[in-house]
Amino acid sequence: MATVIDGKATAAAVHERVGREAAAFVAETGHMPGLVTILVGEDAASQVYVRSKGERCKELGMASFHEGLPADSSQDQVESAVARWNADDRVDGILVQLPLPGDLDSKPVLELIDPSKDVDGFHPVSVGRLVANQPGLRPCTPAGVMELLRAYEIPVTGADAVVVGRSDIVGKPVALLLLHQSATVTIAHSRTRDLAEVTRRADILVAAVGRPEMITGDMIKPGAAVIDVGINRTESGLVGDVHYPSASEVAGAITPVPGGVGPMTIAMLLSNTLQAARLRRS
Ligand code: NAP
């Protein structure tokens, strides 16, 4: 049976480190790293996410701010909110909770965020720095995947890595982070021919598809590390993109869903907020 890659424990270790380093940063600079969450509308799930981000921030000794805007806000109102927080020196990180409701266009909103406060890592400047492997703020879920591989000492250099999914928020950035750590990376997607033949080559297999349990044990190389980014709500509960019962018989290490990649996302957001505070004062 595969080693279970415990995202909760790994996230707790990141929180512990960030809390310790944030305290040292405050002692050194007198500035408390600050994160603002901007939520447009009243989507219940988004409210839960935003609240837990704020609570976690405070627990780690960082300042937490929140701005709630009504669902019928205009594009201008949302963009003005971002501009105000850009100018507010108490804040090192700005997170606009996605998706935006109605006809609001998230692209210009995200592009307005000061790149030095782009803790989600979605601004084109952050994307450019990622592609060029320059220091910068990396998207949280992909950074969480890399942290799990690091925490479980899974060798990346020279490994054959296959990422299933090519989205801007998960697939592409994970593939780039793996490449920058010298994996040989293949990105598979909905047009890939014979997906199982591709995934069976992977020493590291990252699934970011959004299709419940589509990666089955027979698609996995024996001993591979399998990182399941998928979060799918089904009638039988929350499941990943990987069929855990069959995959865990073959893999060497595997993330469960829930409790794998999920908890890493907030942990890396807080780590990014501290990093942004440092970069903005260096
Ligand atoms: P997305 O934007 O919908 O992208 C899905 C990708 O999967 C696309 O590139 C698509 O290919 C590919 N795909 C779809 N069907 C396929 C098939 N049959 N074979 C091979 N590839 C296929 O999704 P996403 O935003 O990247 O999210 C992926 C999953 O991760 C979702 O379950 C999401 O809920 C989860 N997620 C989790 C976290 C977290 O914190 N753990 C964060 C973000 C997302 P094409 O490009 O060809 O269409």
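Give all pairs with beta carbons closer than 7 Å in which a residue from the stretch 185-197 that is β-branched (Val, Ile, Thr) meets a residue that is near the ligand (Cβ under 6 Å from one of its atoms); count only pairs at least 6 apart in sequence or on separate chains.
Partner pairs satisfying both residue conditions: ILE187/ARG166; ILE187/GLY171.
Check whether at least one residue in the stretch 40-52 is in a helix (DSSP H, G or I), aliphatic (A, V, I, L, M) and surrounded by 13 or more Cβ atoms within 10 Å (Cβ to Cβ), and report yes or no.
yes
Can you pull out every residue in the stretch 136-191 that is of a type in the set (S, T, N, Q) and either away from the ligand (no atom under 14 Å from the Cβ) or farther than 17 Å from GLY7 by Cα (or both)?
THR157, SER167, GLN181, SER182, THR184, THR186, SER190
Please specify each residue of the stretch 226-245 satisfying the condition of being of a type in the set (D, E, K, R), under 12 Å from MET214 (Cα atoms) and without any contact (Cβ under 8 Å) to a residue 60 or more places away in the chain.
ASP228
Residues ALA151, ALA224: which one is of a type outside the set (Ser, Thr, Tyr) and in contact with a strand residue (DSSP E or B) (Cβ under 6 Å, 6 or more places away or on another chain)?
Only one candidate passes the filter, namely ALA224.
Taking helices (runs of 4 or more DSSP H) that fall entirely within the stretch 68-137, which contain at least 3 residues that are free of Cβ contacts under 8 Å to residues at least 12 places away in the same chain and within 18 Å of the chain's Cα centre (by Cα)?
Result: 124-131.
Starting from the stretch 246-269, keep only residues that are closer than 14 Å to VAL226 by Cα, then list their pairs with residues that are aromatic (Phe, Trp, Tyr) and away from the ligand (no atom under 15 Å from the Cβ) whose Cβ atoms are within a distance under 8 Å, requiring at least 6 positions of separation or different chains.
Partner pairs satisfying both residue conditions: ALA253/TYR152.
Which of (1) touching a strand residue (DSSP E or B) at 6+ places or on another chain (Cβ under 6 Å); (2) under 30 Å from LEU104 (Cβ atoms) is the odd one out, the single condition THR3 does not satisfy?
(2)
With respect to GLU55, determine if the residue is touching a helix residue (DSSP H, G or I) at 6+ places or on another chain (Cβ under 8 Å) and either surrounded by 14 or more Cβ atoms within 10 Å (Cβ to Cβ) or not β-branched (Val, Ile, Thr) (or both).
Answer is no for this residue.
Consider only pairs whose beta carbons are under 7 Å apart and that are at least six residues apart or on different chains; among these, list those whose first residue lies in the stretch 16-33 and is crowded, with 16+ Cβ neighbours inside 10 Å and whose second residue is among the hydroxyl-bearing types (Ser, Thr, Tyr) and part of a helix (DSSP H, G or I).
From residues that are crowded, with 16+ Cβ neighbours inside 10 Å, the pairs are VAL18/SER271; PRO33/THR273.
Scan the stretch 258-282 residue by residue and report those that are part of a loop (DSSP other than H, G, I, E, B), within 16 Å of the ligand (Cβ to nearest atom) and among the small types (Gly, Ala, Ser).
Within the stretch 258-282, GLY259, GLY260 meet the criteria.
Read-outs: derived from the displayed coordinates by stated rules, not from any lab. For clarity, every value in this text was computed on a predicted model and none was experimentally measured. All Cβ positions, even for glycine, are placed from backbone atoms using ideal geometry, and neighbour counts span all protein chains on display.
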